[in-house]
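What follows is a short report on a single structure.
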Amino acid sequence: MRTNAIALCKSVVILTTIVLTQAVPPSVVARSSPGVVSQITAKEFFDRGVARYQRGDKQGAIADFTQAIRLNRNYALAYYNRGVVRFKGGNNLTEAIADFTQAIRLNPEYVDAYYNRAIARVKVQQYWPAIDDITQVIRLDPSHDRAFYLRGLIYSENLKDYQTGINDFTEAIRLNPGNPAPYFKRGNARYRIGDRERAIDDYNKAIEINPSDPEPYYNRAISRYQIGDRQGAIFDLQKSADLYMDLGNFEKYQKAIDTLEKFEN
């Protein structure tokens, strides 16, 4: 969305987890030839898959988790970890969703599986099923601040239901007041419904918690300009431009400079 040809900055934080066990015995890692495959247990395949994932060998990890599942069809952790690796590969989202679904079937209270299936479903634009998953996470763990944050993102940025998003961001803030992200996103949602003053309050808090993030400065500048605080807006744009430059983000630096020139003229 754009307002007077000036758009808010967006940043979406995607959080995924992978269950990692203790260090894998060297003897297990060494057993990689076809002749000894039958000697390896499901747990050993699982551990070797974790080790391969940690070394960056995603395909090897998937192969080992698949072998663990072949030996133990009820191995929820192996389905889950294979789903995570497939998700992080970026082009196996449908298979990742299927793995998380199987992990949930085997363990209906598997919070991380619901949470990561929701993220994968957002990636394939299955927004309502993703909300169902996040709601289940919250039912199982009412203190899961990231779940409220993620559901707020889906409502506000994907479904354009800003008020419901605001409600979820507010709960995420209550659970974890030291995280600047829900303040920033709640500020964006409040801006979208025309509540510029309270949007500025949220950007203020995001900046207080993390003064090195340029995006709250940029978005606060837009809100300040629209309520008539031209000098405050110019200050914020210059600050955001400086921070973008420090981060090496030259595209957003140029955007801040272009907006600054519009505000100064």
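The values are calculated or read from the model by the stated rules, or taken from the named source; none is laboratory data. Please read these numbers as outputs of a predicted model, since none were measured by experiment. FYI the Cβ positions are ideal-geometry reconstructions off the backbone, even for glycines, and counts take in every protein chain you see. Heads up: the accessible areas ignore ligands, DNA and RNA and are worked out on the full protein's heavy atoms, side chains in. Shrake-Rupley method; radii C 1.70, N 1.55, O 1.52, S 1.80 Å.
Brief remarks on what is shown
- Taking each residue of the range 254-265 that is closer than 16 Å to Lys239 by Cβ and in a helix (DSSP H, G or I) and looking for partners that are at pLDDT 95 or above and of a type in the set (Phe, Trp, Tyr) with beta-carbon atoms closer than 7 Å, six or more apart or interchain, yields Ala256/Tyr218; Ala256/Tyr244; Phe263/Tyr225.
- Here is the figure for the range 94-131: residues that are of a type in the set (Asp, Glu) and surrounded by fewer than 15 Cβ atoms within 10 Å (Cβ to Cβ) total 1.
- Number of the exception - Asp168 against (1) acidic (Asp, Glu); (2) within 30 Å of Asp132 (Cβ to Cβ); (3) surrounded by fewer than 17 Cβ atoms within 10 Å (Cβ to Cβ): (3)
- For the range 241-254, a residue qualifies if it is open to solvent by 60 Å² or more (accessible area, probe 1.4 Å) and under 18 Å from Ser212 (Cβ atoms), and the qualifying residues are Asp242, Met245, Asp246, Leu247, Phe250, Tyr253.
- For first residues located in the range 134-160 and among the hydrophobic types (A, V, I, L, M, F, W, C), partners that are part of a loop (DSSP other than H, G, I, E, B) and open to solvent by less than 50 Å² (accessible area, probe 1.4 Å) and lie 6+ apart or on another chain with Cβ distances below 7 Å form the pairs Val137/His144; Ile138/His144.
- Selection within the range 61-99: residues that are part of a helix (DSSP H, G or I) and among the hydroxyl-bearing types (Ser, Thr, Tyr). The member of this set that is farthest from the chain's Cα centre (by Cα) is Thr66.
- The C-beta contact set for the range 50-69 (first residue within 14 Å of Phe87 (Cα to Cα), second residue surrounded by fewer than 17 Cβ atoms within 10 Å (Cβ to Cβ) and not aromatic (Phe, Trp, Tyr), distance under 9 angstrom, 6+ apart or interchain) comprises Tyr53/Leu20; Tyr53/Lys88; Lys58/Lys88; Lys58/Gly89; Gln59/Gly89; Ala61/Gln54; Ala61/Arg55; Ile62/Gly89.
- Residues within the range 207-240 that are open to solvent by less than 30 Å² (accessible area, probe 1.4 Å) and touching a residue at least 40 places away in the same chain (Cβ under 8 Å), tallied: 6
- Considering (1) at pLDDT below 95; (2) of a type outside the set (Gly, Ala, Ser); (3) within 20 Å of Asn158 (Cα to Cα), the lone condition that Lys88 does not fulfil carries the number (3).
- Within the range 191-211, being in a helix (DSSP H, G or I) and of a type outside the set (D, E, K, R) holds for Tyr191, Ala199, Ile200, Tyr203, Asn204, Ala206, Ile207, Ile209.
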